[in-house]
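Some notes on the structure that comes next.
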Amino acid sequence: MLKIGELKQGDVIMVNDDGVMREGTISKVSHDDNQAYVDNGIQEFWYEPGEMFPLPLDENQLMKLGFEKQEIDGSVKYMKGAFRLLTPKKGDFSNVEMWYREDRRHFNVPLSVHELQNLHLGMTKVPLEPA
C-alpha cells in the first residue's frame, strides 16, 4: 500500500487491477479524494492507496528509466547524465549510494522505483521517466 502524499505524476508503481498486478504510471494525484489516476497499459483508472504498491528497484527498472551500466570490481554503477547510483554487488539493491554533483546520499534499505524517481527529481530538478 502506498501513501498518496508520496506519489507524483510520472511515478511508476504496481496496481491491483481486479486481482491482476500491473505496472502503471501515475497521470494525476487527487489529495482531496485520496486517489491516483494510473495508466496501467490497458486503461487509465482511479486507484485508492490499498490498490497501489511499490515496484521494487532492480536493474531491469533502471534500464527502462534510461540508465547505463558499468561494472567495477564486483560493484555496479548506473549512470544517467551526471546522476550516479552504485550498488556494492550485482543485483543487490538493498545498499545503494547515489550522487548528483556534490549531493551524495546512501540508503541501506531497498528502494522502490517511485522513491528513486522522487529522489532524482529532488536532486536534479528533472523528472525521471521511462525512456
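Each reported figure results from applying straightforward, stated rules to the coordinates on display, with no laboratory input. Treat the numbers as computed from the prediction; the structure is a model and nothing was measured. Here the Cβ is made from the backbone with ideal geometry for all residues, glycine too, and neighbour counts use every protein chain on show.
Calculate, in nm to one decimal, what K125 and Q43 gain on full extension: separation in residues at 0.36 nm each, minus their alpha carbon distance.
26.6 nm
Under a 10 Å cutoff between Cα atoms, tell me which one of E115, E71, E59 has the largest fluctuation in the Gaussian network model of the chain.
E71
Of the residues R101, R22, R84, which exhibits the maximal mean-square fluctuation in a Gaussian network model of the chain defined by a 10 Å Cα contact cut-off?
R101
Of M52, M1, M21, M98, how do they rank once you tally other Cβ atoms within 10 Å and put the fewest first?
Listing M52, M1, M21, M98 from fewest to most nearby Cβ atoms yields M1, M21, M98, M52.
Could you tell me the relative contact order of the chain? Use alpha-carbon pairs under 8 Å, at least six residues apart, and round to a whole percent.
About 20 percent, as a whole number.
Short version: ³J(HN,Hα) in whole Hz for each residue of segment 88-93, in order, from phi by Karplus 6.51 cos²θ - 1.76 cosθ + 1.60 (θ = phi - 60°), x for Gly and Pro, what are they?
Calculated HN-Hα couplings, in order: x, 8, 4, x, 9, 9 Hz.
Looking at this model, which pairs from K8/K64; K3/K90; K8/K80; K28/K89; K28/K125 are more than 25 angstrom apart at the alpha-carbon?
K3/K90; K28/K89
Taking the Cα centroid of segment 66-131 and of segment 1-54, what is the distance between the two, rounded to the nearest whole Å?
23
What translational diffusion coefficient, in µm²/s and rounded to a whole number, does the Stokes-Einstein relation yield for segment 4-53 at 4 °C and a viscosity of 1.567 mPa s, taking the hydrodynamic radius as the Kirkwood radius over Cα pairs?
The diffusion coefficient I find is 125 µm²/s.
I need to check one value: relative contact order of segment 59-124, counting alpha carbon pairs closer than 8 Å and at least 6 residues apart, in percent.
20
How far, in degrees from 0 to 90, does helix 113-124 lean away from the longest principal axis of the Cα atoms of the chain, to the nearest 10?
Here the helix axis deviates by roughly 60 degrees.
Kindly put M63, M14 in sequence by how many other C-beta atoms sit within 10 Å of each C-beta, fewest to most.
By the 10 Å Cβ count, ascending: M63, M14.
Under 1.5 on a/c is rounded, so check that first for segment 59-124, then, if it is not, pick prolate when a/b is larger than b/c and oblate when it is not; a ≥ b ≥ c are the square roots of the alpha carbon gyration tensor eigenvalues.
rounded
Mind listing the long-range amide H neighbours of Q35? Cut-off is under 5 Å, sequence gap 5 or more, other chains count too, H placed in the peptide plane at 1.01 Å from N.
Excluding prolines and chain starts, which carry no amide H, the hits are S30.
Please state, to two decimals, what the Cα-based radius of gyration of the chain comes to when divided by 2.2 N^0.38 Å (N = residues).
Output field value: 1.08.
What nm distance separates the two modelled labels at D32 and K90, each placed 7 Å from Cα along Cα→Cβ?
5.2
Using modelled backbone amide H atoms (1.01 Å from N, in-plane), which distant-in-sequence or interchain residues come within less than 5 Å of G66's amide H?
A131
Do you know the relative contact order of segment 4-53, to the nearest whole percent, from alpha carbon pairs under 8 angstrom that are 6+ apart?
33
Can you list residues whose amide H is under 5 Å from L2's amide H, if they're 5+ apart or on another chain and H is modeled 1.01 Å from N?
Residues meeting the criterion, in which the H sits 1.01 Å from N, are M52.
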